[in-house]
1. Just wondering, is there one or more residues in segment 50-60 that are buried (at least 19 other Cβ atoms within 10 Å of the Cβ), over 19 Å from residue 77 (Cα atoms) and without any contact (Cβ under 8 Å) to a residue 40 or more places away in the chain?
2. Residues that are under 30 Å from residue 3 (Cβ atoms): which helices (runs of 4 or more DSSP H) entirely in segment 16-104 hold 1 or more of them?
3. Name the residues in segment 1-15 that are in a helix (DSSP H, G or I) and surrounded by fewer than 15 Cβ atoms within 10 Å (Cβ to Cβ), would you?
């Protein structure tokens with residue numbers, strides 16, 4: 001019973017972070033602003049869900065596999081975010097700026 005409650009809590013936290021990251025991805029104006037919610041929130045969401053699955057599983061072998069997946073996810077998310085940002089800079093994509101009409 002306690003294991004199920006902990007699993008639901010972690011999976012709910014993960015779903016919350018996924019929702020927050022998706023909302024940030026849709027609301028941000030340019031690629032540079034979108035990188036933060038897409039890399040940070042999705043990493044937190046996926047890791048939270050994997051912790052919930054690890055708690056539910058209870059098998060040592062499954063927990064080790066999930067830890068390896070989490071480590072890969074943490075490394076690849078930051079690397080992909082950096083690669084996307086660097087590509088945008090190399091293509092001379094300008095960061096978003098407020099227009100004069102929006103400032104007033």
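1. Yes, segment 50-60 contains at least one residue that is buried (at least 19 other Cβ atoms within 10 Å of the Cβ), over 19 Å from residue 77 (Cα atoms) and without any contact (Cβ under 8 Å) to a residue 40 or more places away in the chain.
2. Values: elements: 31-36, 42-57, 60-90, 100-103.
Helices (runs of 4 or more DSSP H) meeting the threshold: 42-57, 60-90.
3. Those that are in a helix (DSSP H, G or I) and surrounded by fewer than 15 Cβ atoms within 10 Å (Cβ to Cβ): 2, 3, 4, 5, 6, 8, 9, 12, 15.
All of the numbers you see were taken from the coordinates with simple rules; none came from a lab. Everything numeric in this text was worked out from a predicted model, so none of it was measured. Methodologically, a virtual Cβ is constructed for each residue, glycine included, from the backbone with ideal geometry; neighbour enumeration extends over all protein chains shown.
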